[in-house]
1. So which strands (runs of 3 or more DSSP E) stay within the stretch 1-75 end to end and still have 1 or more residues that are open to solvent by 60 Å² or more (accessible area, probe 1.4 Å)?
2. Within the stretch 4-27, how many residues turn out to be touching a residue at least 24 places away in the same chain (Cβ under 8 Å) and either in contact with a helix residue (DSSP H, G or I) (Cβ under 9 Å, 6 or more places away or on another chain) or within 14 Å of residue 48 (Cα to Cα) (or both)?
3. So, in the stretch 28-41, exactly how many residues are under 11 Å from the mean Cα position of the chain (by Cα) and without any contact (Cβ under 8 Å) to a residue 24 or more places away in the chain?
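The values are calculated or read from the model by the stated rules, or taken from the named source; none is laboratory data. These numbers come from a predicted model, not from an experiment. Neighbour counts are summed over all protein chains in view; Cβ atoms, including those assigned to glycine, are modelled from backbone coordinates with ideal geometry. In case anyone asks, the SASA skips ligands and DNA or RNA and just uses the protein heavy atoms, side chains included. Shrake-Rupley method; radii C 1.70, N 1.55, O 1.52, S 1.80 Å.
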Amino acid sequence: EVMIISPQRVVFEGRSGSLVVPGEHGVFEILPFHRNIMSRLVKGNIILDAENTYAIKRGVLKLEKSLATIIVEEEQ
């Protein structure tokens with residue numbers, strides 16, 4: 001389960017088989033059964049299932065118990 005939220009709206013809410021994010025120390029991918037993680041995100045793209053792309057300025061990702069919650073500031 002993935003939830004991407006910006007101050008203005010819910011950007012995405014649903015299931016995803018893979019999630020690629022621009023982490024503070026480089027781009028990384030999260031797949032099912034990934035360990036819990038918390039990371040700051042930098043300017044770049046969030047990619048869901050290699051199909052949906054969301055441009056962000058920055059954000060925070062928390063993955064816990066197969067729920068990825070991402071709070072972002074969207075790129076204009």
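1. Strands (runs of 3 or more DSSP E) meeting the threshold: 10-14, 26-30, 37-41, 44-48, 52-64, 67-74.
2. Residues meeting the conditions: 10.
3. Residues in the stretch 28-41 being under 11 Å from the mean Cα position of the chain (by Cα) and without any contact (Cβ under 8 Å) to a residue 24 or more places away in the chain: 4 in total.
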